[in-house]
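Contents: one structure, followed by commentary.
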């Protein structure tokens with residue numbers, strides 16, 4: 001092959017290789033990433049700066065404003081646009097429910113000064129708080145904590161045909177414990193109540209409160225702790241009670257061994 005022909009062939013091969021490299025580079029070129037900034041409309045919402053415990057008295061330092069997507073702001077949220085002085089207004093309020101850091105603050109979670117104490121605030125509508133005396137042996141060794149559920153049992157002495165004897169009556173089942181002594185909330189890391197506590201405050205209806213006051217004068221009250229596995233949506237004075245267990249439906253006032261009056265429990 002003549003020299004000019006070899007030169008032309010070399011040029012052609014070089015051009016082909018160069019074209020191949022260029023095409024390959026264009027095909028394997030990584031896509032260009034584009035960052036699109038989307039602006040979300042937000043509002044400043046009042047939230048808890050730190051954890052706030054049940055019954056804690058609040059002040060300005062426990063609140064802060066935080067940006068919140070406007071579309072998720074509900075009617076109960078407190079916004080800076082509507083209430084710029086909310087932190088000052090809510091200072092001195094009592095927390096009727098625990099709040100965690102960053103949780104929106106609402107009026108329903110706080111009790112303003114002059115609106116009653118925290119115990120009255122955490123009581124559901126129509127319910128009453130009433131206390132009964134407890135001892136270590138009548139309160140599960142002082143291991144009952146606030147918000148536990150218990151059965152209330154009355155132990156009383158009656159005079160029968162063969163002499164005096166003791167009988168027990170299950171007064172109420174599945175009752176919520178509001179406080180042990182003056183403790184209304186379980187402290188972090190605390191697994192037992194104050195052993196010196198001598199009262200348990202229970203959540204009952206108005207009629208049940210009357211009957212418990214009567215039962216306290218008739219005998220001794222014992223609290224039977226219920227398993228957390230028994231709790232269900234039907235939490236009430238008889239929810240979760242074993243139907244096979246015979247329960248008392250009345251408190252009888254005995255005078256000289258004779259029933260003179262009966263008070264219905266339910």
**OP:** Would you tally the residues in the stretch 211-227 being within 29 Å of the chain's Cα centre (by Cα) and free of Cβ contacts under 8 Å to residues at least 40 places away in the same chain?
**Re:** 1
Subject >> Residue count for the stretch 175-188, restricted to those that are modelled with pLDDT under 90 and either within 16 Å of residue 205 (Cβ to Cβ) or not assigned by TED's automatic domain parsing to the domain that holds residue 230 (or both) >> reply: 1
**OP:** State whether the residues of the stretch 105-120 include one that is in a strand (DSSP E or B) and either in the same structural domain as residue 223 (by TED's automatic domain parsing) or closer than 29 Å to residue 230 by Cα (or both).
**Re:** no
**OP:** Sort out which residues of the stretch 41-51 are in contact with a helix residue (DSSP H, G or I) (Cβ under 8 Å, 6 or more places away or on another chain) and either at pLDDT below 90 or more than 26 Å from residue 182 (Cα to Cα) (or both), and write them in order of number.
**Re:** 41, 42, 43, 46, 49
Original post:
What do you reckon, is residue 156 modelled with pLDDT of 80 or more, surrounded by 13 or more Cβ atoms within 10 Å (Cβ to Cβ) and under 15 Å from residue 219 (Cβ atoms)?
Top reply: yes
Subject >> Criterion: surrounded by 13 or more Cβ atoms within 10 Å (Cβ to Cβ) and either without any contact (Cβ under 8 Å) to a residue 40 or more places away in the chain or within 19 Å of residue 216 (Cα to Cα) (or both) - qualifying residue of 162, 138, 108 >> reply: 138
**OP:** Please tell me if residue 101 is surrounded by 12 or more Cβ atoms within 10 Å (Cβ to Cβ), part of a loop (DSSP other than H, G, I, E, B) and in contact with a helix residue (DSSP H, G or I) (Cβ under 9 Å, 6 or more places away or on another chain).
**Re:** no
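This table checks each residue for (1) at pLDDT 90 or above; (2) surrounded by 14 or more Cβ atoms within 10 Å (Cβ to Cβ); (3) in a strand (DSSP E or B).
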| position | (1), (2), (3) |
| --- | --- |
| 166 | no, no, yes |
| 170 | yes, yes, yes |
| 173 | yes, yes, yes |
| 197 | no, yes, no |
| 204 | yes, yes, yes |
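The values are calculated or read from the model by the stated rules, or taken from the named source; none is laboratory data. Note that this is a predicted model, so its numbers are computed, not measured. Heads up, the Cβs are rebuilt from the backbone with ideal geometry, glycines too, and the neighbour counts pull from every protein chain shown.
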